[in-house]
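The structure under discussion appears below in the form of structure tokens.
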Amino acid sequence: MTKKEYTFDAGYQPQVRAKRGTPQIMLDVIIALLPALCVGVWQFGFAALLPVATSIAACVFFEWAYRKLLHKPSTIGDLSAVLTGLLLSFTLPANAPWWLPVIGGFFAIVIVKQLYGGIGKNFLNPALAGRAFLFASYAMLMTQWVTPAGLKGTAVDAITMATPLSSMKAGVALPEYFTVANMFIGKMPGCFGEISACALILGGIYLICRKVITWHIPVCFIGTVAVVSLIFGGGPEYSHVDWMLANLLSGGLMLGAIFMATDYSTSPVTFKGRCIYGIGCGLLTVIIRRFGGYPEGVSFAILIMNCCAWFLDQLTKRRQFGVSKEDVKAMKAAKKAAKKEAKEAGA
């Protein structure tokens, strides 16, 4: 009986491979967003699907056209452009004109993503960057909120209305129809895909169970907003608990914490880095909401922390396997001595 020999090829990195690739991961995220999509249609009607479809089509087209123009391999099959378009449409008002997501899609795909090399090389979240660009360029259109179907027939009879965050920013008491239950389910004005905390949390649980994301960033992000909002409150019109619940259940907190801040390309890879990143996002969100000029701060908080992700990875990087703390100190001392010698030699 001949003995079978086994060889280990260490020439390719990484050696650990998985059957699930980029298209499968993107598809999981798209599936996780379907509950929020359904709630948006339920509250704003099927007409609200026009900006969604336009946004997805625009992002896919711009990615295909850019890579075709530069004679690069097509990447539309990895579904990342589809996901960017879907997320961008979730950050727009339900009555956004059709050309608004087209402009946002161009900025997100061409300027933020492809000019830096494509998927995995961008340092900002494309959908959030597109949303920030649209907000800076078309602030009026980006802050007109449609009255959802769940509130029609009540005391609200206007076509548009203020969001809970807008009311709190103005220092007025929240109307009685902005109950915790309504905000949790999604019966309130806001961007198309951010109104239902319940639907977004269900999507987040799905992603964690599928191991697409970890709990570190969402929990630290949402937890920080909850703790800081509870401690500092928001004025005499609200109790600390009411202020905290309104900050958690309204605005783009759940959408940002679960689906935007966890983007692989723009968030830290270490566990400690993710926790610090989430805490930073939460602190900035509360600061902007409480003291800034805008009632919402999630988008800007995440974009700011995107720029810090590389530093957090450097700050929290782990030692190589088999390397002790003493070895690390010795290597640092050797590098320091080499720099000193090089400096003296140059002098």
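Annotations for the structure displayed:
- One residue stands out among those in the stretch 175-184 that are touching a helix residue (DSSP H, G or I) at 6+ places or on another chain (Cβ under 6 Å) and of a type outside the set (Phe, Trp, Tyr): the one that is nearest to Trp243 (Cα to Cα), which is Val180.
- Within the stretch 97-121, considering residues that are open to solvent by 10 Å² or more (accessible area, probe 1.4 Å) and in a loop (DSSP other than H, G, I, E, B), the one nearest to Met188 (Cα to Cα): Pro97
- Thr84 meets the stated requirement of being open to solvent by less than 40 Å² (accessible area, probe 1.4 Å), hydroxyl-bearing (Ser, Thr, Tyr) and either within 24 Å of Val212 (Cα to Cα) or under 20 Å from the mean Cα position of the chain (by Cα) (or both).
- Residue in the stretch 238-253 that is small (Gly, Ala, Ser), closer than 20 Å to Val112 by Cβ and open to solvent by less than 30 Å² (accessible area, probe 1.4 Å) present: yes
- Some residue of the stretch 272-287 being open to solvent by 10 Å² or more (accessible area, probe 1.4 Å) and either outside any helix (DSSP H, G or I) or at pLDDT below 90 (or both): no
- Only one of the numbered conditions (1) in contact with a Leu (Cβ under 9 Å, 6 or more places away or on another chain); (2) open to solvent by 20 Å² or more (accessible area, probe 1.4 Å); (3) among the basic types (Lys, Arg) is violated by Arg290, and that is (1).
- When the stretch 213-232 is filtered for residues that are closer than 17 Å to Met260 by Cα, open to solvent by 20 Å² or more (accessible area, probe 1.4 Å) and aromatic (Phe, Trp, Tyr), only Trp215 remains.
- Residue that is most open to solvent (accessible area, probe 1.4 Å), among those in the stretch 163-179 that are in a helix (DSSP H, G or I) and not aliphatic (A, V, I, L, M): Lys169
- Selected residue (criterion: surrounded by the fewest Cβ atoms within 10 Å (Cβ to Cβ)) from residues of the stretch 54-75 that are of a type in the set (Gly, Ala, Ser) and either farther than 17 Å from Met26 by Cα or touching a Lys or Arg at 6+ places or on another chain (Cβ under 9 Å) (or both): Ser74
- Pairing residues of the stretch 202-226 that are assigned to a helix (DSSP H, G or I) with residues that are of a type in the set (Asp, Glu), at Cβ distances under 8 Å and at least 6 apart in sequence or on separate chains, gives Tyr206/Asp28; Leu207/Asp28.
The values are calculated or read from the model by the stated rules, or taken from the named source; none is laboratory data. As the structure is a computational prediction, the values presented were derived from the model and not from experiment. Don't worry about glycine lacking a Cβ; one is built from the backbone with ideal geometry, like all the others, and counts go over all protein chains shown. Side chains included, ligands, DNA and RNA excluded: accessible areas come from the protein's heavy atoms. Shrake-Rupley method; radii C 1.70, N 1.55, O 1.52, S 1.80 Å.
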